[in-house]
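Here is the structure we will look at, set down as structure tokens.
Only the coordinates and a few stated rules stand behind these numbers; no lab work does. Computed from a predicted model, the values in this text were never measured in an experiment. Cβ sites come from the backbone with ideal geometry, for glycine too, and all protein chains shown count toward neighbours.
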Amino acid sequence: MNVKMDYMYRDAGNNKLRGNAIFSNKHRLTLCQIADFVQAAFIKGKWFDPNSCGIERLTFERYDPDLDHEWHEIEIISPTAEIVTVDIDIADFLFNAIKVHVKWVQFDCKEEEFEFEA
């Protein structure tokens, strides 16, 4: 199963562009696992910088410094039989997001240790 992600760019003037990426899924992540990673790694569970994560940034023809920024929004992720359109696996895309977004994502965890059952 490949994974299709529809995403959107919305500038500060509320002008929108939509695109999608179809990822390979070599590690066979389930949609629930992918959703958990997205919730953990993306700003407010949906905002990300596509260039830093390994996919194409959506841009208007002209750059407007007063309106444009790098943040994009995930709209939907679904399984697909469509052919892969990006050169990055979904697991690598998510790992890149974790590495890049960790400075913006707020974690509410106040535990000092976690005990795992054997």
| request: For VAL3, state whether it is touching a helix residue (DSSP H, G or I) at 6+ places or on another chain (Cβ under 6 Å) and in contact (Cβ under 8 Å) with a residue 40 or more places away in the chain. | output: yes
| request: List every residue pair whose Cβ atoms sit under 7 Å apart, with the two residues 6 or more apart in sequence or on different chains, where the first one lies in region 26-46 and is under 14 Å from MET5 (Cα atoms) and the second, anywhere, is part of a loop (DSSP other than H, G, I, E, B). | output: VAL38/GLY45
